[in-house]
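See below for the structure under consideration.
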Amino acid sequence: MDSKQKQKMRWILFYIFTALFVLIVVMTMATVFFGIGEPTENERDVLFKTFIVEIGLAVATLFYSLFGLKKQRNPEHHEFEGDWWQYALTVNRDIERSVVSILHTRRDEDGQLSMNGDAWGRNGKRFARFNSRATKILDDKLIYYWEGDWPETGEKLFGPGEIVLKTSDRAEGEYITRSETNLDTNVLSSVLYFRAEPGDYELMQNAASKERADLLTKRLKAREALLAR
């Protein structure tokens, strides 16, 4: 169950509870203050105390609805934290030739979510290394601004992007690529994200590892399979 479905279920349960609570309170008030049912004095005293408890519960419920459920609308950083594989669905061969990337997202010293990553092309050659310069979470969306180095061309590229959570292990997004040297560059790329296995990011930092080459080949094939659907 993804975050949106969980949130929807919370609100359904909240409304059911509220409806039942209101019904009980109305019945209690009718008995205590209007004598419906002709209760005895002892029963009326018990019902009055019950009514006081119900009022307290109503206040607690209101507090939770205002500060609890609404707070849950924004996912915590940990939903975005971790390592993600990024598959580019649209690629401009003249500007952005990387097709598979791995992202490492974490909290920095100030508690802000930050990202850094590496990108590879179809031939398995690393094309770029990039970092986020600013991030902001809005509901289930992470908005960010990135900067990167393309060693092959010596270009400095940058741009805004966004990641939208679909489940805890899958996301969709897009980013724009702009260039410091070519001001006319303005390329929009669509991407898919899949949460990486533990150790994938560390393995991809070892340039001399055969296991890294095998893993990258596997991810390149996975991207091609997605495009073939």
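Laboratory data are not the source of any read-out in this text; all were calculated from the coordinates shown. What you are looking at is a predicted structure, and each value in this text was computed from that prediction instead of being measured. Because the Cβ atoms are built from the backbone with ideal geometry, glycine has one as well, and the counts that use them run over all protein chains shown.
Let me make sure I get this right: for region 77-228, a, b and c are the square roots of the gyration tensor eigenvalues over alpha carbons, sorted descending. Under 1.5 in a/c it's rounded, otherwise prolate if a/b > b/c, else oblate. Which is it? It is rounded, given that a/c, with a ≥ b ≥ c, falls under 1.5. Across region 77-228, C-alpha contacts under 8 Å between residues 6 or more apart give a mean separation that, scaled by the residue count, equals a relative contact order of 20 percent.
Placing +1 on each Lys and Arg Cβ and -1 on each Asp and Glu Cβ, with no other charges, gives region 77-228 a dipole about its Cα centre of roughly 520 debye. In region 105-161, Cα pairs under 8 Å separated by at least six residues give a relative contact order of 23 percent.
Per-residue Karplus couplings for region 113-121, computed as 6.51 cos²θ - 1.76 cosθ + 1.60 with θ equal to phi - 60°, are listed in order as 6, 10, 9, 9, x, 10, 10, 10, x Hz, Gly and Pro entered as x. Remark: for residue pairs K125/K210; K136/K218; K156/K218, the C-alpha separation exceeds 22 Å in K136/K218; K156/K218. Close amide H pairs (under 5 Å, H built 1.01 Å from N) link S98 with no residue at least 5 positions away or on another chain. A full extension of the chain between Y15 and T153 corresponds to an added length of 43.9 nm, given 0.36 nm per residue minus the alpha carbon distance.
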